[in-house]
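The block underneath contains the structure these notes are about, expressed in structure tokens.
The values are calculated or read from the model by the stated rules, or taken from the named source; none is laboratory data. Please read these numbers as outputs of a predicted model, since none were measured by experiment. Using ideal geometry, Cβ is built from the backbone for each residue, glycine included, and neighbour counts are taken over all protein chains shown. Calculation scope for accessible area: heavy atoms of the full protein, side chains included, ligands and nucleic acids excluded. Shrake-Rupley method; radii C 1.70, N 1.55, O 1.52, S 1.80 Å.
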Amino acid sequence: MTRALNSVAAQEFSDFEIVVVDDGSSDGTLGEVRRWSQRTGLPVTSIWKPNGGAHSAYNLGVRQARGEYIVVLGSDDQLLPDALRKMADAWASIPAAKKQAYCAVLGHGLHWSSRRLAGDPYPHDVWDSDFLQMKQRWGISGDKPGAYRRDLLMRHPFPVFEGERFMRESFVIKQLAQRYRTRFVNESFQLFEYQRDGLSASVRRLRVSSPRGMALCYRDEANRHSVGFSPGQRFEAHLQYVRHACNAGIGLRAQCGQIESRTWLLLALPFGLVKHWRDRLADAPQRQALGGRRAD
């Protein structure tokens, strides 16, 4: 956490507030944050909440913030010293009459150790498009950090399902991409360190244990976000919907009511069922171990 906070303190741009949401840790994070605030003289709004996943912490941070734009940092992330200034300059470069049509300014992330670009550059140094076009039509990969309009994030929070701790990070920006544009700039904003024991290493387990959220994500992929999909991508969206809907206990009749294309759903059904049963088999040893401990 100190690494992320120090990178904020080192910014050339000083018109910001800091909101820290501790998602259920027991390692004294908020005490560390308070000591950092006292040492640097920078005020911090700090909140502890029961563990509910990064997406629920994100929702709470957005509600607590007061500024116009939101920049999200994980505890192991680090802003580059000129990141906030570059973000502010990119927002300022959008004509005032058009600003309401934009939801975000996004740049690039760099790998912590190599300082190499995490993914692909944009086709132009300043490029106006939307997140769905960027991913689907142009196939641009990698983490793309930046700043989002807070008013839109307030109106489009992450869905939170009781007992589930994961939601795809792209869920909200894909919702926004249906109506709003994004200014993409070939500037590096952030350093990422991918921890072996962090979210990136345990994403399969988290997805399987959050079936309602994942089914919702892929329902939208199949129904709303597939305009630029190839047939293979469209098939994969329906397959993953079946997989996670079955994991969530959603029956075939209900699935037919949620998915617009009956044809794609039926084509993907047997393959999604295979994925569903593989998930059940992979989690069976854990369920047996938990049952054994309860019996003791």
**Fill in**
Among Leu117, Leu60, Leu80, Leu73, the single one that is touching a residue at least 40 places away in the same chain (Cβ under 8 Å) and within 18 Å of the chain's Cα centre (by Cα) is Leu73
**Message:** Checking the condition surrounded by fewer than 20 Cβ atoms within 10 Å (Cβ to Cβ) and modelled with pLDDT under 95, which residue from Arg253, Arg293 passes?
**Reply:** Arg293
**Prompt:** Which members of the stretch 49-69 meet the condition of being closer than 17 Å to Arg155 by Cβ and open to solvent by 80 Å² or more (accessible area, probe 1.4 Å)?
**Reply:** Arg63, Arg66, Glu68, Tyr69
**Message:** Take the conditions assigned to a loop (DSSP other than H, G, I, E, B), closer than 27 Å to Ser113 by Cα and either open to solvent by 30 Å² or more (accessible area, probe 1.4 Å) or at pLDDT 95 or above (or both) and apply them to Pro81. Does it pass?
**Reply:** yes
**Item:** Verdict on Arg155 being open to solvent by 50 Å² or more (accessible area, probe 1.4 Å) and at pLDDT below 95
**Value:** no
**Message:** Regarding the stretch 146-157, can at least one residue be identified that is touching a Gly at 6+ places or on another chain (Cβ under 9 Å), touching a residue at least 24 places away in the same chain (Cβ under 8 Å) and assigned to a strand (DSSP E or B)?
**Reply:** yes
**Request:** Kindly check whether there is at least one residue in the stretch 23-42 that is closer than 20 Å to Gln64 by Cβ, open to solvent by less than 60 Å² (accessible area, probe 1.4 Å), out of contact with any Pro (no Cβ under 6 Å at 6 or more places or on another chain) and part of a strand (DSSP E or B).
**Result:** yes
